[in-house]
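J.: Attaching a single structure in structure tokens format; questions to follow.
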Amino acid sequence: MKRRRVITLSVIGVILLGAILMSPGRPFSDVPYSTVVTDCEGELLGARTAADGQWRFPPSENVPERFEKALLQFEDKHFYHHPGVNPVSMVRALVGNIRAGKVTSGGSTITMQVVRLSRGRERTVKQKIIESVQAVLLEIRYSKKKILSLYASHAPFGGNVVGLEAASWRYFGRPSDELSWAEAATLAVLPNAPSEIHPGKNRDLLLQKRNSLLRELHEKGYFSDETLSLSLEEPLPDAPLPLPSYASHIVAKTPEGVVTRTGIRINLQRQIEQIVGRFSDDFATRGINDLAAIVIDNATGETIAYCGNSSPGRIRPGMQVDIADSPRSTGSILKPFLFSAAMQEGIILPYTLIKDVPVNMDGFSPQNFDQQFYGAVQASEALSRSLNVPAVHLLRAYGVPKFHSLLKDCGLSTLRKDPSWYGLSLILGGGEGKLTEITRAYSGMVRSYIMDEKFPLSDKVSLWYTFEALKDVNRPDELDWRYIPSLRKAAWKTGTSYGFRDAWAVGMTPEYTVGVWAGNAGGQGVPGLTGASVSGPVMFAILNTLPSGEWFREPSDGIFAEICPLSGHLRSPECPEGKEIRLPSAAMESEPCPYHNGGAFALPPAMEWFYKKYHPEYEVPKASPRRMEFIYPESGSELTIPRQMDGSEGKIVFELAHRDPSATVWWHLDEEYVGETRFVHNLSLTPSPGRHTLVAVDASGHTAAVSFVVKTGGGF
């Protein structure tokens, strides 16, 4: 009795040990998969082959009904009724092979084929026995549906096509759940002998097998006589089709071996790629080779269209660069953030006059695009016209470190250097930004305004004035878009970097934000490459394809207060008139009007000198304690003596504004008389390197002084 128990336990132990040793483990655990990227609805945008060069999509738990019925009818009719091995089928296959004198059938079930595909061993009698045992063990571990999905995901379909989903796209250009009965039957018979029978080899035999299977399925009652007739007439696929390739730069940087669902809307993506491609091919004739665009749904914050670079079929250097996600000089595309932030903190009001006169700040001498100065410009007008000099003055008032921090908080990751490295040039393209991040930051303003989403710029009144200023953009370097009736109503901004290397355009509606960049991936500048003339039209073409809705509603936030209609500042007791408007809550911290004195409106002489040229209604005050002012340079400037073509030292032109055009002015450099001027108060001098003070005196004893530093090393 004891001996029998020992024998029994030994047998059980051997069986258990064998089961452990022959356990199939986790099937396909070391198999690499393709990278698959879909749109928001699961539509395929693009894919990459697996690490082993195979088109093998990551496994899906779902097997389409038509393919399942076709596969089981052809391969394993009793799949749902056997334990992994079908003895009847194996005996039938053995008898058939003996009669034929060769192997004509293996009698393998779907489960056994999963084991064989997973193990990748030679097909011998010994391996067949192992596969049979492992198939039974696999059935114990997994459900029938799981085993079927494992087969569908890993069966070979000819060439480097593995798995149902990859085969469906490669042979028929659509997902497997959209296959017809004829297409499902074609794919059901392919794994039986994929190297011998596929669309490119033995097509007659493939057609014969497919049609035979279709007739069997019809006899089972799966579809009607009419469907059978039509299915038999369907042609076989030809050479494998290329997979879809939309948003290719997103696909290229997606993690390997997984299915990634994006926020992209494939129909919109197709439209955007067509628009961008059409414009880009036209721009290429002008030497502008690269174009990128993205569209963000403001309601969700999702990127719904993404073109990292245009025209992938046009061979050129840099064609593979995802320029939408590459750092580029920002030009003036960041000005709206400064305008909104300064208003949010009460530094300016929407119509505050900002100085627009020649300036030199530590050697930095910005110019407006049209090389003109306007003396003083309303803040909203300075933004809508994208004037550089007022923006620099505003940045100096706001503070470079604070603006640098604000931009980083808005999502710009490219400003890695210390704020002092950028200085005041930060507002004019001294820093770099990515189209992806800048467009998302613009969308952040909209989302903050409409949805109260947390964002550094959150004051609704400031944002509303920003949108309103950007609605009527009219710059010297661009067309007047108001005369083009087909354009969508949008708040939009363009930007152009130094040397015409980068052209930007970003447009906002309550529903969408569109960003466009144009230029060359290699950084080559192109004369005439501006945000307005190149990127602007692309942006509006994209906006015109998007559904339209209501404009931004005026907010109910903020306060009502009186401003001076002439200066845009808060009304002071000296202002004869006032105008009540809605203002940000911080507006009461803003400076009262500094330009009214005794009821008269008087700008400082330097501002007045330029302002009166464009404002004939401006009356020069007859009496003012401040009669003259230096236009150039500003006190504290760093100046460089220019070099002439022959290498000799040039001169610096000093400019002065005097309220009396006929006044005579005497000039003294470091207390030494250097000349006099009348009518036009410009004087050319060549000061030695070092610190200097220049003083101007008129006949009435009025004086103006400026201190500056001359540095060596000027060019010509």
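J.: Across region 307-346, what is the number of residues that are open to solvent by less than 30 Å² (accessible area, probe 1.4 Å), of a type in the set (D, E, K, R) and either assigned to a helix (DSSP H, G or I) or in contact with a helix residue (DSSP H, G or I) (Cβ under 6 Å, 6 or more places away or on another chain) (or both)?
T.: Residues flagged as open to solvent by less than 30 Å² (accessible area, probe 1.4 Å), of a type in the set (D, E, K, R) and either assigned to a helix (DSSP H, G or I) or in contact with a helix residue (DSSP H, G or I) (Cβ under 6 Å, 6 or more places away or on another chain) (or both) within region 307-346 amount to 2.
J.: Go through region 225-252 and report how many residues are open to solvent by less than 60 Å² (accessible area, probe 1.4 Å), out of contact with any Leu (no Cβ under 8 Å at 6 or more places or on another chain) and closer than 23 Å to residue 203 by Cα.
T.: Matching residues across region 225-252 total 3.
J.: If you don't mind, there's one more thing I want to ask. Just the residues that are modelled with pLDDT of 95 or more, of a type in the set (A, V, I, L, M) and assigned to a strand (DSSP E or B), please, taken from region 559-614.
T.: If the condition is that a residue be modelled with pLDDT of 95 or more, of a type in the set (A, V, I, L, M) and assigned to a strand (DSSP E or B), then 559, 561, 563, 570, 581, 583 are the ones that fit.
J.: Out of the residues in region 386-401 that are surrounded by fewer than 17 Cβ atoms within 10 Å (Cβ to Cβ) and in contact (Cβ under 8 Å) with a residue 12 or more places away in the chain, which is nearest to the chain's Cα centre (by Cα)?
T.: Within region 386-401, the match that is nearest to the chain's Cα centre (by Cα) is 401.
J.: With region 631-716 as the region, which strands (runs of 3 or more DSSP E) entirely inside it contain at least 2 residues that are among the β-branched types (Val, Ile, Thr)?
T.: 652-658, 664-669, 672-678, 690-698, 703-711
J.: I'm trying to understand the selection: among the residues of region 347-361, which are in contact with a Phe, Trp or Tyr (Cβ under 7 Å, 6 or more places away or on another chain) and either free of Cβ contacts under 8 Å to residues at least 40 places away in the same chain or open to solvent by 20 Å² or more (accessible area, probe 1.4 Å) (or both)?
T.: Listed by number, the list holds a single entry, 347.
J.: If you scan region 690-705, which residues turn out to be open to solvent by 60 Å² or more (accessible area, probe 1.4 Å) and either without any contact (Cβ under 8 Å) to a residue 24 or more places away in the chain or over 14 Å from residue 637 (Cβ atoms) (or both)?
T.: Scanning region 690-705 gives 691, 699, 700, 702, 703.
J.: Considering only residues of region 617-638 that are modelled with pLDDT of 85 or more and more than 22 Å from residue 666 (Cα to Cα), which is most open to solvent (accessible area, probe 1.4 Å)?
T.: Filtering region 617-638 for residues that are modelled with pLDDT of 85 or more and more than 22 Å from residue 666 (Cα to Cα), the one most open to solvent (accessible area, probe 1.4 Å) comes out as 619.
J.: Six or more apart or on different chains, Cβ under 8 Å: which pairs go from a residue in region 303-319 that's of a type in the set (Phe, Trp, Tyr) to one that's in a loop (DSSP other than H, G, I, E, B) and open to solvent by 50 Å² or more (accessible area, probe 1.4 Å)? Could you list them?
T.: Correct list of pairs: empty, since none qualify.
J.: Go through region 183-206 residue by residue and tally those that are open to solvent by less than 60 Å² (accessible area, probe 1.4 Å) and touching a Pro at 6+ places or on another chain (Cβ under 9 Å).
T.: Qualifying residue count for the region: 8.
J.: Right, something else. Is it true that some residue in region 433-440 is in a helix (DSSP H, G or I), touching a residue at least 60 places away in the same chain (Cβ under 8 Å), open to solvent by 20 Å² or more (accessible area, probe 1.4 Å) and in contact with a Gly (Cβ under 6 Å, 6 or more places away or on another chain)?
T.: yes
The values are calculated or read from the model by the stated rules, or taken from the named source; none is laboratory data. Because the structure is predicted, anything quoted here is derived from the model rather than measured. We place every Cβ from the backbone using ideal geometry, glycine too, and count neighbours over all the protein chains shown. Surface areas here come from the heavy atoms of the whole protein model, side chains and all, with no ligands, DNA or RNA. Shrake-Rupley method; radii C 1.70, N 1.55, O 1.52, S 1.80 Å.
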